[in-house]
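A short worksheet on the structure shown next.
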Amino acid sequence: MTVYSTQFIEWGHWMAQTAIDHGTLPDRTYEGIRDLIIRGRIRPGDRVREAEMAIRFGISRTPVREALARLVQDGYLIPISGGRRTELAVTELTVDSVRELWGLMGALEGYAIQSVAELPAERREALVADLRSLNAELRSEAERRPRNRDRLFDLQTAFHVRFVKESPGARLRSVYDSVRPHVQRYEWLYGTRSDALYEPSTSEHLRIIAAIKRGNPVEAREAIETHWRNASQRTVHVIEEIPTARPRRASQKSARR
């Protein structure tokens, strides 16, 4: 794998312990809990309690309280009224959210890839080499049994992040970074299942790569937007076929990685 590929896999692999090692304590706690939610360690409908998260991360309740408030604001948690007090639960995954989020991702990545396709040939060649490597690894990993869900997840993320991070638009990248984790919740739960098909996605990736190599911004944008439309249909189909799991409490044990 190239250096770039490794860098962008590490970017996508938000492990809770890594998050605890950097930034302010509330930020690290936010990222750690969010990672547990994204990777399904805390599942849709699970109750998330301040005291239990403080124990989980080995910290006081104050930074946990701040992190939970931010997770509610960002849409990962929702207040649930029950009994004597209001609890927090992980937001459910819905078909409507898939259509909205996948549409946003198609628009954001479509905008980004136009500028990427117009980069100098030397930079595009380096990018194409990385994308081919990531896509080949993704295809190979998808064929393994049993599957390594974290590895699949990281490779899928790395492919998309690789070319978006090549875009010169700082504001676009900022918006992208705020939307992408919401998409990752679905990618983890449905895209890393043992029977999930990766051939359609990796084939669409090849079309995206070819458009970048040719330096054709119109073709590149069309390829990425088509990819997200198709991915939306595939994800919706899976959601509609799988019964929703019953909510449970996000105890210290269930939240463990």
Item to complete: Output the number of residues of the stretch 136-172 satisfying the condition of being more than 20 Å from TYR190 (Cβ to Cβ) and touching a residue at least 24 places away in the same chain (Cβ under 8 Å).
Response: 10
Worksheet, complete the sentence: Within the stretch 75-104, restricting to residues that are touching a residue at least 12 places away in the same chain (Cβ under 8 Å) and of a type in the set (Asp, Glu), the one that is least open to solvent (accessible area, probe 1.4 Å) is GLU87
Discussion item. It is to be established whether one or more residues within the stretch 162-183 are over 26 Å from ARG214 (Cα atoms), under 17 Å from the mean Cα position of the chain (by Cα), open to solvent by 40 Å² or more (accessible area, probe 1.4 Å) and charged (D, E, K, R).
Written reply: yes
Worksheet item: What are the residue pairs meeting all of these: first residue in the stretch 187-216, first residue within 15 Å of ARG151 (Cβ to Cβ) and open to solvent by 10 Å² or more (accessible area, probe 1.4 Å), second residue β-branched (Val, Ile, Thr) and modelled with pLDDT under 90, Cβ atoms under 9 Å, and 6 or more apart or on different chains?
Response: GLY191/VAL238; ARG193/VAL238; ARG193/ILE242; ALA196/VAL238
Worksheet entry | Residues (of a type in the set (Gly, Ala, Ser), modelled with pLDDT of 50 or more and surrounded by fewer than 21 Cβ atoms within 10 Å (Cβ to Cβ)) located in the stretch 1-48 | GLY23, GLY40, GLY45
Worksheet, complete the sentence: Within the stretch 116-131, of all residues that are surrounded by fewer than 16 Cβ atoms within 10 Å (Cβ to Cβ) and out of contact with any Pro (no Cβ under 6 Å at 6 or more places or on another chain), the one farthest from GLU225 (Cα to Cα) is GLU122
Item to complete: List the number of the failed condition for SER140; all other conditions in (1) at pLDDT 95 or above; (2) crowded, with 18+ Cβ neighbours inside 10 Å hold.
Response: (2)
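The values are calculated or read from the model by the stated rules, or taken from the named source; none is laboratory data. What you see is a predicted model, and the numbers here were worked out from it, not measured in a lab. In this analysis, Cβ positions are derived from the backbone assuming ideal geometry, glycine residues included, and neighbour counts consider all displayed protein chains. The accessibility values were calculated without ligands, DNA or RNA, using every heavy atom of the protein model including side chains. Shrake-Rupley method; radii C 1.70, N 1.55, O 1.52, S 1.80 Å.
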